[in-house]
Amino acid sequence: MDEDKDTQAQAQQGKHNTGAADLEKVTDYAEEKEISGGNLDNAINAITDKRRRDAEQKADLEKRLASVKVKKEDVDVVVQEFEVPRPKAERVLKENNGDLQAALTALLNA
Amino acid sequence: MPSSNPLPTQEANLFKKILRCYEQKQYRKALQHVKEILKKFPDHGETLSMKGLILNYTNKKAEAFECAQKGLKNDVRSHVCWHVYGLLQRADRKYDEAIKCYRNALRWDPENLQILRDLSLLQIQIRDLEGYRDTRYQLLQLRPTQRVSWIGYAMSYHLLNDYDIANHILEEFCKTQPKTVDFEMSELLLYQNMVYQEAGLYERSLKHLEENKKYILDKLRLEEKRAFAFIKLKKLSEAAKIYEDLIERNPDNVTYFKKLEECLNLENDEERLEFYKKHAEKYPRSDVPRKMPLVFLNNMSEFKLRLDAYLKRAFTKGIPPLFKELKCLYTNENKLKAIEEKVLSFEKNLESIQKYSGDCEQKESPTTLLWVYYYLAQHFDYLKQTNKALDYINKAIEYTPTLVELYMVKGKIYKHAGDLYEAVRWLDEAQSLDTADRFINYKCSKYMLRANMVKEAEEIASKFTRESSHPADYLKEMQCMWYETESANAYKRMGKFGEALKKCHQVERHFQEIIEDQFDFHSYCMRKMTLCSYVEMLRLEDKIKSHPFFFRAAKTAIEVYLRLHDRPMSEVENELNVNTENLTPSELKKLKNKQKKQQLKAQQEKEKQEQLEQKKKELSKQKNKEDVDVEQPTEEELLPEKLERPENALEECNRFLKPLEEFASQHLETHYLGFEVYYRKNRPLMMIKALKKMNSLERTVKQTAKFHYCLSKFLLKYSQIKETLNESVRAVVENELKNLNPSSESVEKMNEKFFKENSNTYESLIEYAKVLYDSNPSQNQAKALDLLTNVDAKNEKLSISYPVALEALTLVAEAEYFGKCDAKVVESLRSKLKSFYPIANIFHTTEEQANQLLSCMQVLSINSSQVSELTDKMEILMNVLKILVFFLKLVKFSSNYPIVLNTWPFTNATNKAWDILLKTDDPLKSVESGCSECEELRCDGTVGYGGSPDENGETTLDALIMDGRTHDAGSVAGLRRIKNVISVARAVMEHTKHTLLVGDLATQFAIDMGFQQQDLHYFDSLEKYIIWLNNSCQPNFRLNVYPDPEKFCGPYKPIKNLNFLSNKEKRLNKYVSKKLHDTIGMIAINSYGDISVGTSTNGASHKIPGGAYVDNDVGAACGTGDGDTLMKFLPSYQVVESMRRGMTPSEATNDAIQRIIKKKPHFMGALIAADKYGNHGASCHGLEYFEYSYRTNQSRDAEIGRVKCI
């Protein structure tokens, strides 16, 4: 009975507020629909290939960057001058082969 | 589902049920199941975690976290526990933490779809696009049979701008799907096309559109996309055809016309004119083809011809925003002249012959002249000819004094001239002409804020806010940002920096909320396939802080923080005391008085604030209770006192400055503010960065001046800190300076050069003076000030705009940029600027300003001196309302009042009260007669005569009545020998200054008032009394007396040193029974919403009454049951106050009962309440259920409402 009352009250409030009901639905849980289709597997294979190549390229870049050495003092200067987090400062320095002046100029023009 | 400690089958099933209940948001049920499992396995980790999750949704945050943590501790290898903990972190907006939790969960169950999905949602929320792509890939691998898997994966590439793969995935997917004609397919196709077009594949896009034409339901979008692609492919004739069609659909769309023009390759003005003429004929109602020629025509004779036609059409029709439409032409001097000439000639002719010109046949209606005046007023206001503008607007007002727009323009003219108080006055006038117009209300409120009238602005704004909450809170809740920004600026001007910052932070939080709000849409939009809109939303959210609202608030905040950095708050306060040295004694006295007053005021304000805060806290507590699934974490409260004393003001700027630099880098102002911050932080490279940005932007005169100032400042600073800098940093700076200052001149030289080139604008003069002073403060102070003061008002070459003049004064007088200077200097600057802006308040003396403010306040519609008039207005309004209500009744409109309701199913009383209410529309009378009816009928035997006898066998009566209209109340208690107790209560209210009379004196009073004395015994009460006596006087209300009251009759004597508390609880328990003490409590609301309330009883058998309270602005409540307990809690008052803060009657009564049973768990009783809208509710405790009766228009008989007790 109590709950009935509540829902009634809600319905009354809802009269002036039709959007609220829709908004409520936004957070509903819903199981996603299953679809049928023959060649889903082929489709997957077609895209996995491209994905692999991308990943390789990225790994190469990371590898190259990892080999660059940077000085701690240089990182300190970048952090202080541009108020960036340490990892970001290190990365910029690495991208500029550890050259402080080049890194500062790069951040200046970013 | 692998778990380190699995449950037996029965509990495992229960656990599944919990999951299902949770998904369907049946939290209460889920908690019951949780309880069952925990009874047997109190340490079961996953169950504990689920409990935490559900508690979080029912808003018991602290407990939720505790449960989830405990759950996790008991079962760290469970994905459920980790998942739940992640969800809680997510709800707390700790996204990074949440992602870590999800990753842990996936370690134990790597293929759990739900966790992967939740992870993907978080990744897109924080725009970890690469992470999102990888998670999406996993989801596709696991669930290739779901549509969302494919689209989500494609979209991840789309958002990474990897169109090839995105297209590839979409194409592969579409190949497998049969085409259907429905919304979702249509959206999918449009989305696919969006990706094509963004990838620049227009051929493919066109082909795709052609092929799928019949599946795309949004025809407008289809055509627009096709036309766009055709243009890109240079197939202009095809595109032109489509645009012709689109124009036919919507002949007022400017873009279509512009595009069509582009497609048709129109070469010169004649061709274009011809084109628009043709369309003007074809679409006689469309404005676009008529206005466009005015914009591009350079041939003045042709322009005048078109203008003539355009203006006549507009004036005859009466188009208020005409001036706004034409303002874009004013940048062209010739066109401006032509317009002025034309409109002035119209004015002359219309005044004399009521025609536009001598050759016109038709006479114009009188309103045409009105619109011409209206236009001319705005025209001259634009040209800063204040007097002429005022002349015209006054003429217009005289002509038609009821047109709201006229007063708004009048206010605007004053505003532009700097007379802010007069502006407020006229906006207020406009507002009072049409109080139902929200736009004018908002304008008026804004003008008040501009004039620093914060309180008044709030009062005006409150006409459109919810009554139950404080206007500022309501506006905050509604994210009303213009109000907050304008308030912040007003507070800033008044030196209330804490308040100003508070408002700015509020705006910043709104933007944060807007960003948070997208979370739910990540899954929803995918499910509903609204893909294009979804991508557009993501892109909008990405740069939401580029919105002007954010810019304005951020600018104010940074300026305040800079100011607080330069002169921290404590210092400012001391200044008041330091400055007293060179004052005369009388001045000193004045100042001291002023300070005292200020202190007093400050204290009062503080107290008020504290009260408000208290209220707010309570409110937010209640609110938390109300909204069950509010997921927002509680935010730190913004305290002005704290905000204006930041530990590091410059660091605080970051919250505002960083987004500006990211999203509003096109504004020079952004980098100017940035420069000021970095200057104070000693960050040469960041200063250079700001300078570079400023240099790259196109600049106005003012901005060039600002750039000059910043560069000079930098050079001055650099020469000081040069030696201390890191080598590389210095090298970079030197390198950049080559571009910024190519001639590498000294600052002094640069400044002189700048002065020579720009001496005819005041803004340049200001910056020149600033640099001059900075380069040698002690020597150049006088010179700099002299420059600003000695400007010639007659020098026509020198223009000073109002904001610039204001800036100069603030700089000298308030910011003390040029150091402390003589009051005379400030005065002469003030009077000099006054010669440019004679009516601007700010350039008058303080005294004059005060007088202006005062005279403005006196005429405001909300001022107290005008209250009587206001009430008159209200009365007229009320009469109108009454008539309205009457008509509404006629058409049986379903309003909730009138209504009568009372405790218990005493329907006879309800019906009686209803009849009286219908006849008299007097709620007081209705309540009185309703209660009387019950007294007469002896409802339940516990109301009225011959009911519950007291220890002496005599029936005594209690009653209370309260009138919401007057907030008067009267009551009697222990009334003997008078039957109509409620009427006696009313007499107490109406014929005494008392509110309560008791016992024999009450009886005497009643007799005096003409009530009949009579015996209140009735066979029932006598019988009861005898039975009671025979039952050793059980039950009774005695406590801690001997002989033992539970066994014997009296007389009793007190016992001391007993365990008081426990005994009382025990005894109270004994007589809890419905029949022993009932009260009728009744509420009546008449057709105007006036409320009365009353209660009547003969008390508990062997005694004291419930309680009732009403506030006409809110509602009413009354109680029944154990009156002794009720009196200790004033629950009726509590219910009404709770309703005032926005609770519904049910919630309010529930809350009040909860408060009682927290302290008195054995309480038996009930509360009913009705709000002023006639919504009603009840709550009870100690019974199984409680019934009350009510009657409204909608029923022919009293109805019974029934609530289950807590």
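The values are calculated or read from the model by the stated rules, or taken from the named source; none is laboratory data. Predicted model only: the values in this text are computed from it and were never measured. Counting neighbours? That spans all protein chains shown, and the Cβs are built from the backbone with ideal geometry, glycine included. These accessible areas exclude ligands, DNA and RNA; they are computed on the full protein's heavy atoms, side chains included. Shrake-Rupley method; radii C 1.70, N 1.55, O 1.52, S 1.80 Å.
Miscellaneous remarks
- Enumeration of residues in the stretch B:1177-1186 that are within 10 Å of chain A (Cβ to nearest Cβ) and either open to solvent by 30 Å² or more (accessible area, probe 1.4 Å) or in contact with a Pro (Cβ under 6 Å, 6 or more places away or on another chain) (or both): B:G1177, B:Y1185
- For the stretch B:477-499, filtered to residues that are of a type outside the set (S, T, N, Q) and over 24 Å from B:R563 (Cβ atoms), the residue that is surrounded by the most Cβ atoms within 10 Å (Cβ to Cβ) is B:C480.
- Answer residue from the stretch B:685-712, given it is polar (S, T, N, Q) and within 14 Å of another protein chain (Cβ to nearest Cβ) and is most open to solvent (accessible area, probe 1.4 Å) among those: B:S696
- Annotation: of all residues in the stretch B:164-188 being under 41 Å from the mean Cα position of the chain (by Cα) and assigned to a helix (DSSP H, G or I), the one that is farthest from the other protein chains (Cβ to nearest Cβ) is B:S186.
- Against the test of being within 29 Å of the chain's Cα centre (by Cα), of a type outside the set (V, I, T) and either under 16 Å from B:C1205 (Cα atoms) or at pLDDT 90 or above (or both), the options B:S1146, B:S1138, B:S1179 yield a single qualifying residue, B:S1146.
- Checking each residue in the stretch B:666-684 for being within 11 Å of another protein chain (Cβ to nearest Cβ), surrounded by fewer than 23 Cβ atoms within 10 Å (Cβ to Cβ) and either of a type in the set (A, V, I, L, M) or part of a loop (DSSP other than H, G, I, E, B) (or both) picks out B:N682, B:R683.
- Candidates in the stretch A:66-97 are the residues that are more than 20 Å from B:Y678 (Cα to Cα) and within 12 Å of another protein chain (Cβ to nearest Cβ); of these, the one that is surrounded by the fewest Cβ atoms within 10 Å (Cβ to Cβ) is A:E73.
- Number of positions in the stretch B:500-531 that are among the hydroxyl-bearing types (S, T, Y) and surrounded by fewer than 16 Cβ atoms within 10 Å (Cβ to Cβ): 0
- Helices (runs of 4 or more DSSP H) completely within the stretch B:713-775 that count 2 or more residues being exposed (fewer than 14 other Cβ atoms within 10 Å of the Cβ) and more than 14 Å from chain A (Cβ to nearest Cβ): B:747-758
- Close Cβ contacts (under 6 Å, 6 or more residues apart or on different chains) running from residues in the stretch B:66-84 that are open to solvent by 80 Å² or more (accessible area, probe 1.4 Å) to residues that are not hydrophobic (A, V, I, L, M, F, W, C) comprise B:R77/B:S4.
- Within the stretch B:1168-1175, one or more residues are modelled with pLDDT under 85, within 27 Å of B:C934 (Cα to Cα), surrounded by fewer than 20 Cβ atoms within 10 Å (Cβ to Cβ) and within 11 Å of another protein chain (Cβ to nearest Cβ).
- Looking only at the stretch B:289-321, residues that are open to solvent by 10 Å² or more (accessible area, probe 1.4 Å) and hydrophobic (A, V, I, L, M, F, W, C) come to 7 in all.
- The stretch B:77-136 - residue that is under 31 Å from the mean Cα position of the chain (by Cα) and part of a loop (DSSP other than H, G, I, E, B) and, of those, nearest to B:L19 (Cα to Cα): B:D92
- Among residues of the stretch B:804-835 being of a type in the set (D, E) and in a helix (DSSP H, G or I), the one that is least open to solvent (accessible area, probe 1.4 Å) is B:E807.
- Pair list, Cβ under 7 Å, 6 or more apart: the stretch B:360-371 residue assigned to a loop (DSSP other than H, G, I, E, B), other residue modelled with pLDDT of 85 or more: B:K363/B:Q354; B:K363/B:K355; B:E364/B:T316; B:E364/B:L350; B:E364/B:Q354; B:E364/B:K355; B:E364/B:Y356
- In the stretch B:1187-1206, of all residues being outside any strand (DSSP E or B) and not aliphatic (A, V, I, L, M), the one that is most open to solvent (accessible area, probe 1.4 Å) corresponds to B:R1196.
- Within the stretch B:981-1010, the set of residues being surrounded by 14 or more Cβ atoms within 10 Å (Cβ to Cβ), more than 51 Å from the chain's Cα centre (by Cα) and not in a helix (DSSP H, G or I) comprises just one member, B:M1009.
- Selection of the stretch B:518-550 for residues being over 24 Å from B:L188 (Cα atoms) and either part of a helix (DSSP H, G or I) or in contact with a strand residue (DSSP E or B) (Cβ under 6 Å, 6 or more places away or on another chain) (or both) yields B:I544, B:K545, B:S546, B:P548, B:F549, B:F550.
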